[in-house]
C-alpha cells in the first residue's frame with residue numbers, strides 16, 4: 001500500500017453516470033408515487049377528500065389508511081419514528097404522510113397529490129423546545145446512562161480558585177444528503193424486493209421483514225451506492241414501508257422518491273440542545289470539578305437522546321465529574337443521529353467553556369488542555385486503549401504557528417479585519433459492530449470480495465482493496481469489491497464511524513483464511529497456489545465482532561476507547577459588519593491506524609465542513625404557531641458551499657489501537673465534524689471580544705456589546 | 001394539461017424523439033424518458049446544482065428547465081462526456097486522481113459544472129474556482145479536492 005493511498009475503484013462508475021442509485025434503477029411498469037403530507041403538527045385526520053385526485057389523468061390509485069395493510073409495531077430504533085404513517089388517524093408531526101398517490105408518471109402523481117384535500121380535528125397549539133418538561137428518556141436512541149457522577153462536583157466548584165458557568169445552545173439541523181431518500185419496491189409472490197437508499201441493507205432487511213411479518217430471507221434489499229446519508233438513512237424511515245405497502249396493494253412496482261421538502265420531516269434531524277457547563281479550577285489550571293447538564297428536543301412519541309455529555313466524562317482529568325441528560329417531548333418530526341451526533345453538539349459546550357476558563361485563568365488554552373491530560377479514564381478509571389490528544393495539540397499548534405498568538409482579544413487587527421485564533425479539542429466515542437465478508441479467488445488469481453456494505457462516500461471499496469492487498473500481498477487493483485446487497489454477507493451498516501473496524505477486520509479474517517486453506521504465504525501468486533492445490537476456485541468467509549463483554553453499541557468494557565483531534569482556526573471578522581470568514585485551519589487527528597490515507601483525508605476535511613456549517617450557517621427554525629420547520633429547502637437552510645472553505649491543513653498523528661480490532665484502525669467518519677464549531681467560536685472571541693454561546697454564530701451576536 | 005407532446009432533442013450527439021408531458025422538467029425527461037439516469041435530482045428547485053447539464057455548451061440547471069423549451073438544442077450529460085473511444089474527459093480524470101468526489105451523487109453536476117467553469121475562463125485561480133463552482137453543493141464537502149481537480153483539468 002502506498003502512503004499516498006488508493007484512488008476509489010468506484011470512481012469510474014460515479015464519474016460517468018453509470019453508478020446506479022436507488023431512484024435510477026429501471027423497472028418496467030413501475031408506478032410513480034407522490035406523498036400527501038399533514039399540514040398540522042398534531043390532532044387527528046378528520047376527512048380526506050381524494051375524489052378529484054382519483055379523477056386526474058394517469059392516476060392508478062390514491063391510497064389512504066383504509067387501503068394499507070396493518071404493519072407490526074416496532075420501536076425506534078430500528079424505525080426512525082416509532083409511529084408509522086397511515087396506521088392511525090392521529091397526526092404525530094407536521095409532514096407526516098396521510099395519503100399516497102400512484103400514477104403512470106411523476107408529473108401526474110405530483111399534480112394529483114396537490115388535489116387531495118384534508119381536514120383535521122383536535123389540533124392544538126404546538127409545544128416548542130423550551131416549553132416542555134425535561135424528562136428522563138425511557139426508550140429510543142439512548143445508548144446508556146443519562147446520569148454519571150464521580151466525586152463531589154459541588155464541593156469541587158466551592159473549593160476552586162476560579163469557576164466558569166455558562167449555557168450554550170446548538171441549533172436544529174438537517175442532514176441534507178444531496179440524494180433524497182428513495183425506494184423502488186416490488187413483490188414477487190411473497191418475496192419483497194427493495195432498491196432503497198439506506199445506510200444498512202441489513203437493518204432495512206430485518207426491519208421490513210418484521211413490519212410485514214415475513215421471514216428475513218423473503219426480503220431482499222439492494223443498495224450498492226448511497227448518495228450520502230450522514231445518519232438520515234440509518235434507521236428505517238417511512239419511504240421503505242410505504243413503497244412496499246403501495247406495491248403490495250397496487251400489484252405493481254412502486255417508485256417513491258422523497259422531495260427535498262420531505263427530507264426535512266421524513267428522515268430525521270439533529271435536534272436543538274441547551275447545555276450548561278460549570279468548570280472549577282485551581283489557579284494553576286487544574287480542574288477541581290466538571291459539571292455538564294444537557295437537554296435536547298425530541299418528538300412527542302419518541303425519545304431521542306443526543307448524548308451530549310459523554311465526552312465530558314473522559315476528556316479531562318478532574319476529581320469530580322457530574323453529567324446529566326434529559327429530553328423534551330415537543331411537537332416536531334423525529335430526530336435521529338447526524339454527523340457528528342453526541343460529541344458534535346456536546347463538545348461545542350465543553351470546549352467553549354474550556355476557552356472561557358483559559359481566559360479567566362490567564363493561561364494559554366492549549367496549555368490549559370495539556371495540564372488536564374488524564375492518565376486513565378477520569379470517570380471509569382479504565383486505561384486508555386490509545387490516546388494521542390497531546391500529540392494532536394502539540395503538532396497542530398506547531399504547524400499553525402500558535403506560539404505567535406497574542407492572547408488579548410482584538411489584539412491582532414489587520415486593516416479592517418479583526419483576526420482571531422481559536423483552538424478546541426475533538427473526540428468521538430468508539431462504537432463497533434459485527435461485520436462479515438466473503439473472499440473468492442478465481443483460477444486466474446482474480447479476487448472478488450462480497451459484502452453487504454453499501455458505498456456511501458466513505459471510500460470503503462478502496463479500504464477493502466487495501467486490506468486484502470496488505471494481507472495477501474497482492475496488487476489492490478486485482479481486488480474487485482461487490483457490495484450493497486442483502487444477499488451478500490451482512491455488514492452492520494455505514495453509520496457510527498464503525499465500518500473500517502468491522503468490515504476491515506472481517507475482510508482481513510477472510511483473506512487470512514484463504515492463505516490458510518492454500519497453505520500459502522503473503523505475496524505468493526494466488527493463481528499458482530490454487531493450481532498447486534488442484535482447485536479452480538476458493539472461497540472463504542470472514543467475520544468479526546467486538547469482544548463478548550463489549551457494552552451497548554460495541555463500546556469497550558475494558559478500555560476507555562476513543563478517537564481524538566485538535567482544531568486550530570483563524571477567522572477574520574469585518575470590524576464594521578461582523579461578517580465572519582474562516583481564513584485558515586489546521587487539524588490533527590489520532591484515530592488508530594489509517595488504512596487508506598487518500599480517502600481518510602477527504603473524510604476529515606469533509607467532516608470539518610460539517611463543523612463549519614454548524615458554526616456559521618446551519619439552523620432550522622420551528623414556526624411557533626404552525627409547529628413546522630420554516631424553510632424546508634436548501635435556499636432557506638444553508639449548507640456550506642465551495643467558497644466557504646479555505647485550504648485545510650488536515651493530517652493524522654501516528655496511532656494504532658489493537659484493542660479496538662485486529663487492524664488497529666478506528667472510526668473517522670464523524671470525528672472531523674467535532675470541535676470545529678468551538679474552535680471557530682473561540683477564534684471569534686479572540687478576534688472581537690464577543691463570546692458566542694449560541695450556534696450558529698450570527699452577525700447580530702458578533703456586533704452586539706460584549 | 002396532460003396531453004403529451006412530441007419533442008426532438010439532441011442528447012450526447014444523438015437525436016432523440018420523445019413523447020413528453022409539457023410539465024416535465026429536463027432532468028425528469030432525461031431520466032424517465034431518455035433513460036439517462038446519470039443526471040441527478042437533488043432538490044428540484046435550482047438550489048443544489050446536482051442536475052447540471054450542458055445545453056449548447058452552457059451549464060444549466062435541468063430541474064429549472066422545462067424539457068419542451070430545449071427542443072433542437074444540443075444537450076450534454078455525464079454519459080456523453082467521455083471521448084468516442086471511451087477515453088475519460090480531462091475533468092473526469094482529474095476528479096478521479098484528486099479524490100474530488102465521495103458519495104458521487106452531486107458528482108455528475110460537479111463535473112459538468114467544472115467543464116463549463118473552465119470553458120467560461122473562470123478557472124484562473126483557486127479562489128476563482130471556489131466562487132464559480134459554488135452553485136454545486138457537495139454535502140460530503142469534497143470542495144478542496146474539487147478545486148484541485150478543476151485547477152488540474154484547466155491546465156490540461
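The values are calculated or read from the model by the stated rules, or taken from the named source; none is laboratory data. Note that this is a predicted model, so its numbers are computed, not measured. When we count neighbours, we look across all protein chains shown, and the Cβ atoms used for this are built from the backbone with ideal geometry, even at glycine.
Could you list all residues from the range B:119-144 that are surrounded by fewer than 24 Cβ atoms within 10 Å (Cβ to Cβ), facing chain A (nearest Cβ under 7 Å) and over 17 Å from residue A:176 (Cα atoms)?
Result: B:130, B:131.
For the range A:3-11, indicate whether the set of residues that are within 21 Å of residue A:249 (Cβ to Cβ), away from chain B (no Cβ under 14 Å) and in contact with a helix residue (DSSP H, G or I) (Cβ under 8 Å, 6 or more places away or on another chain) is non-empty. Let's see the steps before the verdict.
Here is the first cut: in the range A:3-11, the ones within 21 Å of residue A:249 (Cβ to Cβ) are none.
Checked against the condition, which is being within 21 Å of residue A:249 (Cβ to Cβ), away from chain B (no Cβ under 14 Å) and in contact with a helix residue (DSSP H, G or I) (Cβ under 8 Å, 6 or more places away or on another chain), the range A:3-11 yields no hits at all.
Could we say that residue A:604 is under 30 Å from residue A:510 (Cα atoms) and either out of contact with any strand residue (DSSP E or B) (no Cβ under 9 Å at 6 or more places or on another chain) or within 14 Å of chain B (Cβ to nearest Cβ) (or both) here?
Working: under 30 Å from residue A:510 (Cα atoms): yes; either out of contact with any strand residue (DSSP E or B) (no Cβ under 9 Å at 6 or more places or on another chain) or within 14 Å of chain B (Cβ to nearest Cβ) (or both): yes.
So residue A:604 passes the test.
Working carefully through the options A:204, A:209, find the one that is away from chain B (no Cβ under 14 Å), buried (at least 21 other Cβ atoms within 10 Å of the Cβ) and part of a helix (DSSP H, G or I).
Criteria check complete, one pass: A:204.
Taking the stated definitions as given, is residue A:565 away from chain B (no Cβ under 14 Å), at pLDDT 95 or above, within 24 Å of the chain's Cα centre (by Cα) and part of a strand (DSSP E or B)?
Yes: the conditions hold for residue A:565.
Given A:38, A:50, A:46, which one is in contact with a strand residue (DSSP E or B) (Cβ under 8 Å, 6 or more places away or on another chain) and closer than 30 Å to residue B:50 by Cβ?
Numbers: A:50 fails: closer than 30 Å to residue B:50 by Cβ; A:46 fails: closer than 30 Å to residue B:50 by Cβ.
Exactly one residue qualifies, and that residue is A:38.
Any residue in the range A:259-286 that's within 14 Å of chain B (Cβ to nearest Cβ): show its pairings with residues that are in a helix (DSSP H, G or I) at Cβ separation under 9 Å, as long as the two are six or more apart or on different chains.
A:259/A:110; A:262/A:239; A:267/A:239; A:270/A:344; A:270/A:345; A:270/A:614
So in the range B:146-156, with the set limited to residues that are under 20 Å from residue A:6 (Cα atoms) and surrounded by fewer than 24 Cβ atoms within 10 Å (Cβ to Cβ), which one is farthest from the other protein chains (Cβ to nearest Cβ)?
Per the criteria, the residue is B:152.
Considering the range A:630-653 alone, what residues qualify as being more than 21 Å from residue A:393 (Cα to Cα), at the interface with chain B (Cβ under 7 Å from one of its Cβ atoms) and assigned to a loop (DSSP other than H, G, I, E, B)?
Of everything in the range A:630-653, those that are more than 21 Å from residue A:393 (Cα to Cα), at the interface with chain B (Cβ under 7 Å from one of its Cβ atoms) and assigned to a loop (DSSP other than H, G, I, E, B) turn out to be A:633, A:634, A:635, A:639, A:640, A:641, A:645.
For the range B:74-86, check the following and say yes or no: at least one residue is more than 10 Å from every other protein chain (Cβ to nearest Cβ), crowded, with 19+ Cβ neighbours inside 10 Å, over 18 Å from residue A:110 (Cα atoms) and touching a strand residue (DSSP E or B) at 6+ places or on another chain (Cβ under 7 Å). Reasoning before the result, please.
We begin by selecting, within the range B:74-86, every residue more than 10 Å from every other protein chain (Cβ to nearest Cβ); these are B:74-76, B:83-85.
Within this subset, residues satisfying the condition of being crowded, with 19+ Cβ neighbours inside 10 Å are B:75-76.
From what's left, over 18 Å from residue A:110 (Cα atoms): B:75-76.
Going one step further and asking which of them are touching a strand residue (DSSP E or B) at 6+ places or on another chain (Cβ under 7 Å), we end up with B:75-76.
Checking the range B:74-86: at least one residue is more than 10 Å from every other protein chain (Cβ to nearest Cβ), crowded, with 19+ Cβ neighbours inside 10 Å, over 18 Å from residue A:110 (Cα atoms) and touching a strand residue (DSSP E or B) at 6+ places or on another chain (Cβ under 7 Å).
Among the residues of the range A:84-106, is any within 14 Å of another protein chain (Cβ to nearest Cβ), under 20 Å from residue A:32 (Cα atoms) and within 33 Å of the chain's Cα centre (by Cα)?
The answer is yes; a qualifying residue exists.
Only one of these is without any contact (Cβ under 8 Å) to a residue 40 or more places away in the chain and more than 9 Å from chain A (Cβ to nearest Cβ): B:9, B:64, B:54, B:30. Name it.
After applying the criteria, what remains is B:64.
Under 22 Å from residue A:457 (Cβ atoms) and touching a helix residue (DSSP H, G or I) at 6+ places or on another chain (Cβ under 8 Å): does that describe residue B:11?
Considered against the rule, which asks whether it is under 22 Å from residue A:457 (Cβ atoms) and touching a helix residue (DSSP H, G or I) at 6+ places or on another chain (Cβ under 8 Å), residue B:11 comes out as no.
Which one of these does residue A:656 not meet: (1) within 10 Å of another protein chain (Cβ to nearest Cβ); (2) at pLDDT 95 or above; (3) surrounded by fewer than 19 Cβ atoms within 10 Å (Cβ to Cβ)?
So residue A:656 meets the others, but not (1).
Could you list, in sequence order, the residues of the range B:104-156 that are in contact with a helix residue (DSSP H, G or I) (Cβ under 7 Å, 6 or more places away or on another chain) and at pLDDT below 95?
Selection gives B:156 alone.
Among the residues of the range A:52-64, is there at least one that is surrounded by fewer than 18 Cβ atoms within 10 Å (Cβ to Cβ), in a strand (DSSP E or B) and either at pLDDT below 95 or out of contact with any helix residue (DSSP H, G or I) (no Cβ under 9 Å at 6 or more places or on another chain) (or both)?
no
When the range A:588-601 is examined, which residues are found to be in contact with a helix residue (DSSP H, G or I) (Cβ under 8 Å, 6 or more places away or on another chain) and either within 12 Å of chain B (Cβ to nearest Cβ) or part of a helix (DSSP H, G or I) (or both)?
Across the range A:588-601, the qualifying residues are A:596, A:598, A:599.
Against the definition (out of contact with any strand residue (DSSP E or B) (no Cβ under 7 Å at 6 or more places or on another chain) and not assigned by TED's automatic domain parsing to the domain that holds residue A:623), how does residue A:66 come out, yes or no?
Against the criterion (out of contact with any strand residue (DSSP E or B) (no Cβ under 7 Å at 6 or more places or on another chain) and not assigned by TED's automatic domain parsing to the domain that holds residue A:623), residue A:66 qualifies.
Which condition does residue A:663 not pass, out of (1) surrounded by fewer than 20 Cβ atoms within 10 Å (Cβ to Cβ); (2) in contact (Cβ under 8 Å) with a residue 24 or more places away in the chain; (3) at negative phi, if it passes all the others?
Failing condition for residue A:663: (1).
Could you check how many residues of the range B:99-118 are within 9 Å of another protein chain (Cβ to nearest Cβ) and in a helix (DSSP H, G or I)?
Summing the residues that are within 9 Å of another protein chain (Cβ to nearest Cβ) and in a helix (DSSP H, G or I) in the range B:99-118 gives 4.
Scan (1) surrounded by 21 or more Cβ atoms within 10 Å (Cβ to Cβ); (2) not in a loop (DSSP other than H, G, I, E, B) for the single condition residue A:231 breaks and write down its number.
Just one mismatch for residue A:231, condition (2).
Only one of (1) surrounded by 18 or more Cβ atoms within 10 Å (Cβ to Cβ); (2) touching a residue at least 40 places away in the same chain (Cβ under 8 Å); (3) over 17 Å from the mean Cα position of the chain (by Cα); (4) at negative phi fails for residue B:21. Which number is that?
Tallying (1) surrounded by 18 or more Cβ atoms within 10 Å (Cβ to Cβ); (2) touching a residue at least 40 places away in the same chain (Cβ under 8 Å); (3) over 17 Å from the mean Cα position of the chain (by Cα); (4) at negative phi, residue B:21 fails exactly one: (2).
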